[in-house]
1. In the chain, how many lysine pairs have Cα atoms under 12 Å apart, counting only pairs 8 or more places apart or on different chains?
2. Give me the distance in nm between label points sitting 7 Å out from Cα along the Cα-to-Cβ direction at residue 39 and residue 23, one decimal.
3. Taking other Cβ within 10 Å of each residue's Cβ, how do 100, 152 sort, fewest first?
4. Put +1 on the Cβ of every Lys and Arg and -1 on every Asp and Glu Cβ in the stretch 2-165; which of 11, 149, 120 then has its Cα farthest towards the positive end of the dipole?
5. Counting other C-beta atoms within 10 Å, which of 91, 48 has the fewest, and how do the rest follow?
6. Just want the answer: with Cβ charges of +1 for Lys and Arg and -1 for Asp and Glu, which residue in 24, 41, 51 is farthest toward the dipole's positive end in the chain?
7. If I build a Gaussian network model for the chain, linking alpha-carbon pairs within less than 10 angstrom, which residue out of 86, 135, 52 has the largest mean-square fluctuation?
8. Build a GNM of the chain with springs between Cα atoms under 10 Å: which of 113, 73, 27 gets the top mean-square fluctuation?
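Any read-out appearing in this document is the output of simple, stated calculations on the displayed coordinates, not a laboratory observation. Quantities reported herein were computed from a predicted structural model and do not represent experimental measurements. Ideal geometry is used to build each Cβ from the backbone, glycine not excepted, and the neighbour counts take in all protein chains shown.
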Amino acid sequence: MQIKVEKITDGQLMRRACSYTINAESKMTLGKIYKCEHSPMRTQMFVVEMIDIPTFVSVHFVRHKIGVEHFVKSNRDDRGADFVADRNTPVNHMMFLNAEALITLAKKRLCYKAHEQTVVVMNEIKREVKRVDEDLARHMVKSCLYRNGCNELKPCGWYNRFLMNGDRW
């Protein structure tokens, strides 16, 4: 498995978008815009390449569709596949997405209710995002941390153990 993340826009574009909403020059920082989650955060665009991930992990990511476009290797035999694919067949999956979509992805795919391999891939995406946008990576957390409690029907118990241990993320 290999994960690559490329940031294709910058803070200047976000400030330009902000200036349209406040009718003045913006001094907003990426850290502040990610924290408040105002719409100009969506100007921050990324390309995430996931090489040789299991098909079932790719399927978990492709379920996310707001603010993201997916491009996934086809396993169809009439499109170049040379064998019958199964859920573990490695695929290449590219996402074109904005910062808000990355935060949303992290909420669900860092959660321990997600499949272990999906969590591994999402952690690697977060690690690669940190290389290109440290402010954004700080806001890519599992849902229970974001919401101050678990919203799953059958919680894994991590959040309560986290509180009892006094850990800090």
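1. The number of close lysine pairs in the chain is 9.
2. 1.6 nm
3. Listing 100, 152 from fewest to most nearby Cβ atoms yields 152, 100.
4. 149
5. On the way: 91 19, 48 24.
Sorted ascending by nearby Cβ count, the order is 91, 48.
6. Going by the charge dipole, the pick is 24.
7. 86
8. 27
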